[in-house]
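Computed from the coordinates by the stated procedures, all read-outs in this text should not be read as laboratory data. Because the structure is a prediction, the values reported are computed rather than measured. Note that each Cβ is placed from the backbone with ideal geometry, even for glycine, and that neighbours are counted across all protein chains shown.
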Amino acid sequence: MEWGREPYNNFTVLRAKFDQWFAEKAVEQGALLVCETVAVECIVENGRVVGVRTDRPDGDIYADVVVLADGVNSLLAKQLGFHREWRPDEVALATMEILKLDKTVIEDRFNLEPNQGCTIEIFGDATKGIVGTGFLYTNKDTLSIGVGTLLSGLIKHKMKPYDLLEYVKNHPMIRPYIQGSEPVEYLAHLIPEGGYHSIPKVAGNGVLVVGDAAQLVNAIHREGSNMAMTSGRLAAETIIMAKAQNDFSESMLDQYRMKLMESFIGQDLKKYKDATHHFERFPQYFEQYIPMMNRAASQMFTVDGASKWEKQKKIWRDLGSTKQKFKLARDMMKAWKVMK
Amino acid sequence: MMKAQTIEEKQYLVRFNADTKSHLHVLDPNICLTKCPDKICTIFCPASVYKWEEVRMHVGYEGCHECGSCRIGCPYENIQWEYPRGGYGIVFRLG
């Protein structure tokens, strides 16, 4: 319950509203906000980024340091050669719907005080054996429901992302939560989930890369917005330092990379550096073991006259031959290794 | 009863300010025709922007969510992907 008091653990936000509010904070501090403009390339002079070219007429903007925050597609860092094109197993495709539902119904249904929210993470059957998760968040008078899987998984299973979303919405475990609600918006977005190994070069002469553009997402814990904001702060602190010494070279700005790696961002991404790839490479976890655990739990808790010892024996038998049991044990050890 | 089940119905919930020219381009139409039996972009695109019409790929860029999946997921790197011009493209009202 301490999460329900200040400073609050986290928030569910509607990005269209949040982003405007957040940008306004920068404007209050003196930033000039230019909207409806595409930054098409970095202006590079003598091996140094000196600004960005936009799609406005006479739209070149010059700066001591350019902070690339262009999101998961990260076209500008790619142009600079900081990373190659992402592979389909380095990005997750998430689809989501905003569902309108009466405020009092949300509070009753999710057991909430006014202004409290709740998040439900959906793991297992929701992604039909593909590596990924679903989510259900409460907002004030809407719900956000979505499901994301690695793009490589959708390709391999030839699955339409919106069909998967419908599957989740109609799942008997989920349907009662969203009953009576009305879809008001549908969205699709990529999430960079390559993790530690996919972090590109993040500092160059006159340039830094932050947030999704630098693959700063902890897919296991569903953290990303916090990492984006924190990396932005670390970038700003580095630039303030660079400005004091009037040195915007890569060797100076590389302080940002060091700060990033020492912070919880670098540490957490390092902790899970092999997790997503492990579960992607060995599909038995999502395809076999999760359903197996569900079946075992279901048998154990079914009251049908069979004793718990008999049930345990049956569950043990259902795990398969001795060889299969050894394989299972080995896989569990490996899973522990990539998560610990 | 759940509403907005089909992708067409879902797309109806989204506001777009479509440009007059496409920001998505199939680089070599021949590759789709001869090398790509799965036409996998027609399956994983979350907005069903890509539709195979017998011999050619129809690109309904007007309904694009600008997610980038097609650029990354095309097995032949055959899709040129840019953001729409400033002021055009998808308009997120809420999420």
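Observations on the model:
- Between helix A:225-245 and chain A there is an angle of about 20 degrees, using the helix long axis and the longest principal axis of the Cα atoms.
- Range of Cα positions in the protein assembly as shown per principal axis (Å), largest first: 79, 54, 51
- Protection proxy ranking of A:245-256, A:19-30, B:58-69, A:80-91 - average other beta-carbon atoms within 10 Å, highest first: B:58-69, A:80-91, A:245-256, A:19-30
- Residues whose amide H lies under 5 Å from that of B:Gly86, counting only those 5 or more places away or on a different chain, are A:Val38; hydrogens are built 1.01 Å from N in the peptide plane.
- Nearby lysines by direct alpha-carbon distance to A:Lys314 (threshold 21 angstrom, same-chain neighbours under 8 apart not counted): A:Lys323, A:Lys325, A:Lys327
- Which listed pairs, of A:Lys273/B:Lys39; A:Lys156/A:Lys270; A:Lys78/A:Lys169, have C-alpha distances above 29 Å, in listed order: A:Lys273/B:Lys39; A:Lys78/A:Lys169
- Adding -39500 (n - 2.57) for every DSSP H run of four residues or longer, then dividing by how many residues chain B holds, sets the calculated 222 nm ellipticity at -4500 deg cm²/dmol.
- Distance between the modelled labels on A:Gln324 and B:Glu53, one decimal in nanometres: 5.1 nm (7 Å Cα→Cβ projection).
- Rounded to 10°, Cα long-axis angle of helix A:322-339 versus longest principal axis of chain A: 30
- Other protein chain C-beta atoms within 10 Å of residue C-beta, averaged over A:92-101: 3.
- For chain A, the longest principal axis of the alpha carbon atoms and the long axis of helix A:290-301 meet at an angle near 40°.
- The three principal axes of the Cα atoms in chain B give end-to-end lengths of 40, 37, 21 Å, sorted in falling order.
- Burial order of peptide ranges A:61-71, A:305-315, A:123-133, A:138-148 (average beta-carbon count within 10 Å, highest first): A:138-148, A:123-133, A:61-71, A:305-315
- Scoring A:94-107, A:42-55, A:274-287 by mean Cβ neighbours within 10 Å over their residues and listing the highest first yields A:94-107, A:274-287, A:42-55.
- Rg/Rh ratio calculated on Cα atoms of segment A:282-339 (Kirkwood radius): 1.03
- Over all Cα atoms in segment A:76-214, the spread is summed up by Rg and Dmax: 17.9, 55 Å.
- For A:Lys337, the aspartates and glutamates whose Cα comes closer than 12 Å to its Cα, not counting residues fewer than 8 places off in the same chain, are A:Asp274.
- If a spin label sat at a point 7 angstrom from the Cα of A:Arg87 along the line to its beta carbon, the backbone N atoms of segment B:49-80 nearer than 14 Å would be those of B:73.
- Projecting label points 7 angstrom from Cα along Cα→Cβ for A:Asn226 and B:Glu77 puts them 3.7 nm apart.
- The alpha-carbon of B:Lys21 sits under 22 angstrom from the alpha-carbons of these lysines, leaving out residues fewer than 8 places away in its chain: B:Lys51.
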